[in-house]
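What follows is a set of notes on a single structure, which appears directly below.
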């Protein structure tokens, strides 16, 4: 068995639940059984939602479950220079542009167009600011007008040509980044995005196998394009099933899923929790 480097990348926006336990154990087991390395990353790019007590709880929950990690923890809030360099590289080759649209602007344009093109994650951005001239862009930025940075995906695909990735659960997959449209790479309040930070961090941490839930399968289309454009290594993937509650609803922080903290306080043992998510 070839040693693999995996990672677990929670966001400190709440207490971890059983779904997190499954994802962490899945990645940790893949690394340990292959004689590889398991990396930990804290995805704390959104200061309005991330809290230090939740980050501390992540470490405690993992240690309680018997999960150890290799090397230093990468905190995304410490990597903003890396993400900024990547955005500037994309801007230099004409693939990133400022978007001045608000969410209401986007909804209004879609309504006026009479139909809404939908991607895997919802409505696809209609490209309102893609055609703004460089002169107008500079003027609006100089005036202090708020904006995000988007990728021109059609132009990006013309740069990369056809792309594929290998998924251990699904085999070779043809990448279709156009299905996601011109996704956001950075915002004024959060100077990076999940897409950009995730692929860059996987590269910097040497990850060779990305394990994550099926709900993020379509994000990999975008990630594969960014890897090609930024000359990053391409890991293998394994998108696994999600842990659900008794009603078949995916566990999530927003629906107050049972947390590892509450299970521990209720007297559950690590072995019992591991068994609850299928790791006896």
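Across the chain, Cα-Cα pairs farther apart than 29 Å form 38% of the total. Projecting label points 7 angstrom from Cα along Cα→Cβ for residue 82 and residue 241 puts them 3.4 nm apart. Rounded, prolate or oblate, given the Cα gyration tensor of segment 1-90, with a/c below 1.5 counting as rounded? The shape class here is oblate. Axis angle, to the nearest 10 degrees, between helix 219-229 and the longest C-alpha principal axis of the chain: 60 degrees.
Helix 52-65 and the longest principal axis of the C-alpha atoms of the chain enclose an angle of approximately 40°. Given R0 = 41 Å, the distance between the Cβ atoms of residue 135 and residue 170 translates into a calculated FRET efficiency of 0.35.
Spatially, segment 130-195 and segment 43-76 are offset by 28 Å when compared through their Cα centroids. Counting DSSP beta bridges in the chain, what percent are antiparallel, to the nearest 5? Rounded to the nearest five, the antiparallel share is 55 percent. For the chain, find the longest principal axis of its Cα atoms and tell me its angle to the long axis of helix 103-113, 0 to 90°, nearest 10. For helix 103-113, the angle is close to 60 degrees.
Fewest neighbouring Cβ atoms within 10 Å first, the residues 239, 218 line up as 218, 239. Between 227, 265, 205, the residue with the greatest mean-square fluctuation in the GNM of the chain (Cα pairs under 10 Å linked by springs) is 265.
Note on residue 75 and residue 100: the model spin-label points, each 7 Å out from Cα along the C-beta direction, lie 3.7 nm apart. Both radii were evaluated on the Cα set of segment 131-233; the Rg over Rh quotient, with Rh as the Kirkwood radius, amounts to 1.02. Under the classification rounded if a/c is under 1.5, otherwise prolate if a/b is larger than b/c and oblate if not, where does segment 79-201 fall, given a ≥ b ≥ c as square roots of the Cα gyration tensor eigenvalues? Cα axes put segment 79-201 in the oblate bin.
At full extension, residue 91 and residue 188 could sit 33.3 nm farther apart than now, given 0.36 nm per residue minus the alpha carbon distance. Taking a ≥ b ≥ c as the square roots of the Cα gyration tensor eigenvalues, segment 44-110 comes out oblate, since a/c reaches at least 1.5 and a/b does not exceed b/c.
Since every read-out is calculated from the coordinates, none of them should be taken as a lab result. Just so it is clear, the model here is predicted, and its values are computed rather than measured. Cβ sites come from the backbone with ideal geometry, for glycine too, and all protein chains shown count toward neighbours.
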